[in-house]
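Notes for the one structure printed next.
Just so it is clear, none of the values below were taken in a lab; they were calculated from the coordinates. Everything numeric in this text was worked out from a predicted model, so none of it was measured.
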Amino acid sequence: MDQDYSKLTRQAIEARQASYAPYSNFKVGAALLAKDGTIFTGCNVENASYGLCICAERAAICKAVSEGQREFEAIAVSAVPLATPCGACRQFIVEFGKDITVISVNAENPDETRTWKSSELIPENFEL
Ligand code: THU
């Protein structure tokens, strides 16, 4: 990683504490860095009607966009073990740019990370 995203990965790990995952017990946190430096966090929010579950990445993006932010530099995602964003989240991230840095971090071992550009995670993304 050229850039130091350790503050962002730390925040993603912290955000995971709020995860509401009573069905899967798979806790996920996210921290989204806007281009103006603001960080928006999110966690997964599950539901008894499983299909309604919201991923951490999309929770963070919805928080940011609903507060007027649309320009993003990076998003960190924390889980144990390290997890790559699901397909829906990849499409959601790339909506806001092909050059967004995506970092996955192991919440129990912050030194274990993987990094991509949003376009690498979803080549040929859907566009209208
Ligand atoms: N999950 C996320 O929060 N982000 C992803 O990219 C993949 C999956 C959540 C959804 C669900 O609450 C749990 O992880 C298990 O699938």
GNM top mover of Asn106, Asn44, Asn25 - the chain, alpha-carbon springs below 10 Å: Asn25
Amide H neighbours of Cys53 under 5 Å, at least 5 residues apart or on other chains, H built in the peptide plane: list them. Asn47
Filtered hits (lysines, Cα-Cα < 20 Å from Lys35, offset >= 8 within chain) -> Lys7, Lys63, Lys98, Lys117
Below 8 Å between Cα atoms, with a sequence gap of 6+, how large is the relative contact order for the chain in percent? 21
Rounded to whole Hz, the Karplus (6.51, -1.76, 1.60) HN-Hα couplings of the stretch 20-35, x for glycine and proline: 10, 9, x, 8, 8, 6, 9, 8, 10, x, 9, 9, 10, 9, 7, 5
Please report the spacing between the Cα centers of the stretch 68-119 and the stretch 23-65 in Å, no decimals. 11
